[in-house]
Amino acid sequence: MIYCVEDDDNIRELEVYTLRATGFEAEGFADGASFFEALEKEIPELVLLDIMLPDEDGLSILRKIRGRRSTSEIPIILATAKGSEYDKVKGLDGGADDYLAKPFGMMELVSRVKAVLRRAGRAPKLSLLSAGPIQLDVEERRVYVGDQEVVLTLKEFDLLQYLLENKGRVLTRDQLLVHIWGYDFDGETRTVDVHIRTLRSKLGEAGQEIETVRGVGYRMGGHR
């Protein structure tokens, strides 16, 4: 579980949506009071904490978290105003594990969350990945479109998993080739195109979730 403490409704909802869409459990809170109330019921794996909050600033909340035995080890990422060097230094000195300077992209957020969790030894097992009606169970190595299971080859499964893990991000053909097939030879990117075409065919209408970015590569989740 990841707690997002952010008073801007749009930003908070986007953070929670993005984290859930990439396989995390997440809940959002608009202020320190509601956050601490939730903290009494469940200790999260990580806290994304905005510094500028209406009732109590993030640095004060950070100190309280670090001062409690039950919460002192929770990884914390601070969201700071762009260019606010003072807040960054105060946050890191106060025990924050990392910081994000606003405005930040959602893929950067996910990347930082994963990195902090890895460093803390809490990297989650993202067992379920999804985009639109597509659901991929990493542990069971099963793929579903809605309630219908889709049978994929080993490489097709790995390709779909990698696209889902990087949902919203454009992946070049070379990146896909290296990650899935383990080599990078000029002229071999047609291997990627062939597998994408077959994968789309097996996914049916849901195959449109895999978007072609002309001249570059592919992106998962380009359609709504």
Practice prompt. Please work out which residue is most open to solvent (accessible area, probe 1.4 Å), limiting yourself to region 67-98 and to residues that are modelled with pLDDT of 85 or more and part of a strand (DSSP E or B).
Written response: Asp98
Response to the item:
Note: among Leu160, Leu164, just one is modelled with pLDDT of 90 or more and within 29 Å of Ile76 (Cβ to Cβ), namely Leu164
Worksheet item: Out of curiosity, is Leu109 within 26 Å of Glu205 (Cβ to Cβ), part of a helix (DSSP H, G or I) and not acidic (Asp, Glu)?
Response: no
Worksheet item: Can we say Arg63 is charged (D, E, K, R), in contact (Cβ under 8 Å) with a residue 12 or more places away in the chain and farther than 30 Å from Val138 by Cα?
Response: yes
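The values are calculated or read from the model by the stated rules, or taken from the named source; none is laboratory data. The model shown is predicted, which means the values in this text are computed figures rather than measured ones. Positions of Cβ are backbone-derived with ideal geometry, glycine not excepted, and every protein chain shown enters the neighbour counts. Surface areas here come from the heavy atoms of the whole protein model, side chains and all, with no ligands, DNA or RNA. Shrake-Rupley method; radii C 1.70, N 1.55, O 1.52, S 1.80 Å.
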